[in-house]
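Asker: Here you go, one structure.
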Amino acid sequence: GWFFNDVSGIETTQILQYANRAIQLAEETTESELNRFFKEKLSGIRSNITVYGTGEDIYARWVEPQRLSLTQVGMHYAVNALFEDEEKLITVLNYDCQSEVLERQKAGDMILLAGITKVISRVTLSQKSFSFAIIYMGNHHLVGGTSDNTSKDWFAILRKSMVFNFEKGNLSEIIDIIKENFTRKAFSFHQLFKDQQFKLINLVIEDKMQNALATYESIYDSTYSILNLMRTNHLSLPGLLENNLLTVFQYKLEEIFEGNGDPIQISRLQRYTDEVCKWDAEVKTDRISYLASKKIMHLVNLFPENANKAELIANLDETLRLLSKIKVTPDIEALQELIFRKLKNNDLTKDEADPVNKLAKLIEIEIN
């Protein structure tokens, strides 16, 4: 490739990444050492930007750390398996990973995972078996390691010891076993791929949010009557408890439109739109509108296959009427297009005629 203006340029760095991958594949298939000689050649190319040094420095700083080895793929698999209930074949980029042995123990937030996994490259068909162990201690705290030279017999002994210590709650002993025996690639949260870090954080946050919501709902149930009494007597509501009401209303309304399952639950939507109006609550309409738009779009896309088209149209009509009470205005362009076509083509069954005309009036569509 051309070194255009400078060896540190974007184009050149991209070319070095291609070279790095080609060298890696060649080394895997031929067992020859090419990377060292390539770096020696790069050392003779100086960047025009002094701080970047030579091509070798750029290669070592920006390119080599991105190299994905079979061991790193195995680490990726091990962390993915941490929160999976069943062992299975998974694909990581161009690699297939399959567990030969997998031990999972769980106690509260803590998880112990140990196994032997085979990694196979889809490109070169090269494969590698390795053993791994991870102890997850809640939140983002985990300690793990891999090994490519642990025999199955020795792994069985280590596995038994780790399970024994896990059942006793002796985490420090498990960490010592991992650090002493799984030394090929040690890792914690900070060594994980970014997507794994996000996945772990999201799992933790989701769990914390569910716990928080359970608390909010408990407070909501236990204080609703007294707050309602204060409201009817025109007394000021305690700020914390009023905010708790708003949080529950917001979450429940968002929950109605999340997912791509059944049609919108009108009874629940009726309940919480009534509550918002009753308490004159200021919910975050933008978020509800976004979720409602996605849900409506999904239902419109399913319309041709729906066996109860009249019911679906009536469902969407009632949804829009209820949302208008709390000033939520979802994007209904796809719905308008659907109703427009139905009216223009006179493509209506007897059951559909009334709900379609009713909805057309609501969304201001008229065919002369």
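Asker: If you take the residues in the stretch 64-118 that are touching a His at 6+ places or on another chain (Cβ under 9 Å) and at pLDDT 80 or above, which one is nearest to Leu42 (Cα to Cα)?
Answerer: Tyr95
Asker: Filter the stretch 1-37 down to residues that are among the hydrophobic types (A, V, I, L, M, F, W, C), closer than 21 Å to Thr124 by Cα and touching a helix residue (DSSP H, G or I) at 6+ places or on another chain (Cβ under 6 Å), then give me how many there are.
Answerer: Residues that pass the stated criteria total 3.
Asker: So is Met110 touching a strand residue (DSSP E or B) at 6+ places or on another chain (Cβ under 8 Å), touching a residue at least 24 places away in the same chain (Cβ under 8 Å), surrounded by fewer than 20 Cβ atoms within 10 Å (Cβ to Cβ) and more than 30 Å from Pro65 (Cβ to Cβ) or not?
Answerer: Values: touching a strand residue (DSSP E or B) at 6+ places or on another chain (Cβ under 8 Å): yes; touching a residue at least 24 places away in the same chain (Cβ under 8 Å): yes; surrounded by fewer than 20 Cβ atoms within 10 Å (Cβ to Cβ): yes; more than 30 Å from Pro65 (Cβ to Cβ): yes.
Yes; evaluated as a whole, the condition is true for this residue.
Asker: Could you grab the pairs with beta carbons closer than 8 Å, sequence gap of 6+ or different chains, first residue in the stretch 238-257 and in contact (Cβ under 8 Å) with a residue 24 or more places away in the chain, second one crowded, with 16+ Cβ neighbours inside 10 Å and among the small types (Gly, Ala, Ser)?
Answerer: Within 8 Å, the pairs are Leu245/Ala281; Leu246/Ala281; Phe249/Ala281; Phe257/Ala292.
Asker: Which of the residues that make up the stretch 45-97 are more than 20 Å from the chain's Cα centre (by Cα) and among the hydroxyl-bearing types (Ser, Thr, Tyr)?
Answerer: Ser47, Thr50, Tyr52, Thr54, Tyr59, Ser69, Thr71, Tyr95
Asker: Here's another thing I want to ask about it. With the condition kept exactly as written, say whether any residue in the stretch 325-335 is part of a loop (DSSP other than H, G, I, E, B), assigned by TED's automatic domain parsing to the domain that holds Gln265, out of contact with any Asp or Glu (no Cβ under 8 Å at 6 or more places or on another chain) and at pLDDT below 80.
Answerer: If we filter the stretch 325-335 for residues that are part of a loop (DSSP other than H, G, I, E, B), which is where we start, we get 326-332.
Next, from what is left, pick out any that are assigned by TED's automatic domain parsing to the domain that holds Gln265: 326-332.
Subsequent filtering for residues that are out of contact with any Asp or Glu (no Cβ under 8 Å at 6 or more places or on another chain) retains 326-332.
Now drop any that are not at pLDDT below 80, which leaves none.
Scanning the stretch 325-335 turns up no residue that is part of a loop (DSSP other than H, G, I, E, B), assigned by TED's automatic domain parsing to the domain that holds Gln265, out of contact with any Asp or Glu (no Cβ under 8 Å at 6 or more places or on another chain) and at pLDDT below 80.
Asker: In the stretch 144-188, how many are crowded, with 17+ Cβ neighbours inside 10 Å and either touching a Pro at 6+ places or on another chain (Cβ under 6 Å) or among the aromatic types (Phe, Trp, Tyr) (or both)?
Answerer: Summing the residues that are crowded, with 17+ Cβ neighbours inside 10 Å and either touching a Pro at 6+ places or on another chain (Cβ under 6 Å) or among the aromatic types (Phe, Trp, Tyr) (or both) in the stretch 144-188 gives 4.
Asker: Evaluate the stretch 289-296: report whether one residue or more is surrounded by 12 or more Cβ atoms within 10 Å (Cβ to Cβ), touching a residue at least 12 places away in the same chain (Cβ under 8 Å) and not in a helix (DSSP H, G or I).
Answerer: No; the residues of the stretch 289-296 include none that is surrounded by 12 or more Cβ atoms within 10 Å (Cβ to Cβ), touching a residue at least 12 places away in the same chain (Cβ under 8 Å) and not in a helix (DSSP H, G or I).
The values are calculated or read from the model by the stated rules, or taken from the named source; none is laboratory data. What you see is a predicted model, and the numbers here were worked out from it, not measured in a lab. With ideal geometry, Cβ positions are generated from the backbone for all residues, glycine too; neighbour counts draw on all protein chains shown.
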